[in-house]
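The values are calculated or read from the model by the stated rules, or taken from the named source; none is laboratory data. Nothing here was measured: the structure is a model prediction, and the numbers come from that model. Here the Cβ positions follow ideal geometry from the backbone for every residue, glycine too, while neighbour counts run over all protein chains shown. The area values use the complete protein model at the heavy-atom level, side chains included, leaving out ligands, DNA and RNA. Shrake-Rupley method; radii C 1.70, N 1.55, O 1.52, S 1.80 Å.
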Amino acid sequence: MPEDYQEIGREGAATLKRWLEATTYMELPFDAYNNKIDCTVMTVGDKRKQFDLVGHMLVGKKAPVIVECKRYTTPGGQYKEFKKFLAIAYGHTAKELETFNTTRESQYLWVTFHPFNLENWSRFETYEHLKEAVDEHPGYKGGADVPLNESLAHDVASRVTVLVFNPKQEALSLTREELETIRPHLVRKVKTL
């Protein structure tokens with residue numbers, strides 16, 4: 001039933017929000033279930049995509065963080081969806097560049113409960129893989145006849161992170177109360193994902 005899948009997705013996003021925020025490097029105040037507009041990005045060609053969680057880094061330039069959560073119990077169709085995610089990340093950044101002549105240097109996180117496509121795993125965060133994904137989904141760059149901005153593609157690929165979450169990790173993380181207690185005392189140095 002669609003309602004069951006939506007509840008599984010909602011619970012998965014809430015779990016990943018707690019876990020990612022417990023790293024103390026990001027804050028994710030927006031979720032697709034309560035903040036649809038804040039979780040929607042636009043790409044070149046005016047295509048829209050709603051992500052599960054959106055927020056910002058707590059260090060450095062406080063770059064936006066855009067998270068796609070997959071609470072799968074098998075690999076499923078994740079690889080196909082992941083490649084579309086890469087094309088959307090490129091298209092969203094290209095839209096910012098087109099509109100504002102700059103980008104916000106968003107961090108794009110794909111977080112899954114189950115690994116997938118292990119034969120390509122080491123390539124997931126590379127320029128070559130992103131280029132392949134954009135070639136498969138040219139609508140997110142404005143069409144097949146629009147050339148790929150090589151420099152932008154390299155930049156976006158460097159800001160893609162793929163994580164696998166095991167529910168047991170939540171027990172190893174700070175609780176919300178612990179996080180609020182220690183956060184004012186942390187002095188964080190800028191780190192890249």
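Observations, loosely collected:
- Matching residues, segment 37-60, being open to solvent by 50 Å² or more (accessible area, probe 1.4 Å), in a loop (DSSP other than H, G, I, E, B) and free of Cβ contacts under 8 Å to residues at least 24 places away in the same chain: I37, D38
- Filtering segment 107-124 for residues that are of a type outside the set (S, T, N, Q), touching a strand residue (DSSP E or B) at 6+ places or on another chain (Cβ under 9 Å) and open to solvent by 70 Å² or more (accessible area, probe 1.4 Å) leaves a non-empty set.
- Top-ranked residue of segment 147-193 - restricted to ones that are touching a Phe, Trp or Tyr at 6+ places or on another chain (Cβ under 9 Å) and modelled with pLDDT under 75, ranked as farthest from I66 (Cα to Cα): R188
- Among the conditions (1) at pLDDT 95 or above; (2) in a helix (DSSP H, G or I), the only one that P115 does not satisfy is (2).
- Output for segment 61-101, where each listed residue is at pLDDT 95 or above, more than 24 Å from M26 (Cα to Cα) and not in a helix (DSSP H, G or I): N101
- Those residues of segment 156-176 which are hydrophobic (A, V, I, L, M, F, W, C) and under 19 Å from K83 (Cα atoms), in sequence order: V156, A157, V160, V162, L163, V164
- The one condition from (1) at pLDDT below 95; (2) more than 16 Å from the chain's Cα centre (by Cα); (3) under 27 Å from H129 (Cα atoms); (4) open to solvent by 60 Å² or more (accessible area, probe 1.4 Å) that E3 does not meet is (3).
- Sole exception among (1) outside any loop (DSSP other than H, G, I, E, B); (2) modelled with pLDDT of 95 or more; (3) loosely packed, with under 15 Cβ neighbours inside 10 Å for L130, by number: (3)
- Yes/no for I8 being surrounded by fewer than 18 Cβ atoms within 10 Å (Cβ to Cβ) and either modelled with pLDDT of 95 or more or among the hydrophobic types (A, V, I, L, M, F, W, C) (or both): yes
- Residue match in segment 153-166 (condition: in a loop (DSSP other than H, G, I, E, B) and more than 22 Å from A32 (Cβ to Cβ)): yes
- Condition check for P147: open to solvent by 90 Å² or more (accessible area, probe 1.4 Å), part of a helix (DSSP H, G or I) and more than 25 Å from T74 (Cα to Cα): no
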